[in-house]
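In what follows, a single structure is set out as structure tokens and then discussed.
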Amino acid sequence: MKQLASYPFSRPRRNRQAPYIRNLTQENWVTANDLVYPVFILEGERREEPILSMPGQSRLSIDMLLRLVEKAQMLGLQGIALFPVIEAGKDNLASESYNSDGLVPRAIRAIKAQFPKIGVFSDVALDPYTLHGQDGIMDEQGYVLNDVTNEVLVKQALCHALAGADFVCPSDMMDGRIGLIRAALEQNNLHNVGIMAYSAKYASKFYGPFRDAIGSSANLGNADKFSYQMHPANGNEALREVALDIAEGADIVMVKPGLPYLDILYRVKQEFKMPTAVYHVSGEYAMLKAAAQNDWLDYEATLLETMLSFKRAGADIIWTYAAFDVINILRKY
Ligand code: PBG
């Protein structure tokens, strides 16, 4: 075989021959400082309901949530993202979503009272609160109305911010909601409450286990979210979405899901240089767990490899249900 002119002077394997040199030349790392843990909460006390399609994850009542947050803080996790399971009080106007005595505001207040340092990220979207499981208010034809939905999202974001949320995180994909929420926060002197915008959120089937977890899948039935979430085939459109959210005042932008959209994550980071988050979603987590339970994959190694792929593509922040696992793995090495 004809050799390249540089052979044998260039031998990339020199830098791979031993741990010290592999460590010194490693380009990306994942640490506890990168991680946010999404958790499902419900009413009651001492409740811990395992989620079948997300092995290792449970829906927790607020008292149990506080124990978990204590552990998270001890391990160095940076943030907790809250997702409610609304068992009573759903309607088609999502009026429970901005009840200041609702589950989410109470959970936020409880966390902030005991663990003020950990970041609290609250989900702004209506799907846990609507009978039909869509993220907005519908008209008679079943179309999710944009501006009417925005009015409710603003109330919900304010309600969470007043309860003490550090970041409100609109995951609904309505047009113009970031600007409206930013304006409302400013008008209410909530200048330091941040917005993490789910800017490039795709209409993905990888959300299946999440919808089981919050109990919206049965309500959704065969319906989909293609009239507001992005089509999986589109890339340039994601950049336009991100540009809009930044112009409207987003502090952090998010790409979601993670692994199937690494190209989007990379492009968003390259183009905007914004603090960028990625959501390793429920279905991605479930795939790893399921394969590991069958001994088809090494869970720890494939999980770490997944996290590194997010860092390599440009993520600053990773939302993952495996956050505790990642930290435990890192501690071993
Ligand atoms: C809805 C919402 C979803 C997720 C986070 N917020 C599901 C959806 O859009 O139907 C999915 C997260 C996951 O799958 O882990 N507002």
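Brief remarks follow.
- To the nearest ten degrees, helix 282-293 and the longest principal axis of the Cα atoms of the chain are 50 degrees apart.
- Accessible area in square angstrom per residue, the chain, 1.4 angstrom probe: 47
- With Cα atoms, 0 to 90° folded angle of helix 146-163 axis to the chain main axis: 80
- Distance violations [Cα-Cα > 21 Å] among Lys225/Lys256; Lys201/Lys225; Lys273/Lys332; Lys269/Lys311; Lys201/Lys311: Lys273/Lys332
- Between the exposed loop cleavage positions of the chain, defined as GluC sites (Glu not before Pro) in a non-H, G, I, E, B DSSP state with at most 10 neighbouring beta-carbon atoms within 10 angstrom, the longest gap is 141-333.
- Under 15 Å from the Ala203 label point (7 Å along Cα→beta-carbon), backbone N, the range 146-160: 146
- Element breakdown for the chain at a 1.4 angstrom probe: carbon and sulfur atoms account for 53% of the accessible area.
- The length gained on full extension between Asn189 and Asn99, counted as 0.36 nm times the residue separation minus their Cα-Cα distance, comes to 30.4 nm.
The values are calculated or read from the model by the stated rules, or taken from the named source; none is laboratory data. In this text the structure is predicted, and so the values were computed from the model without any measurement. Using ideal geometry, Cβ is built from the backbone for each residue, glycine included, and neighbour counts are taken over all protein chains shown. To get the accessible areas, we keep the full protein, side chains included, count just its heavy atoms, and leave off ligands, DNA and RNA. Shrake-Rupley method; radii C 1.70, N 1.55, O 1.52, S 1.80 Å.
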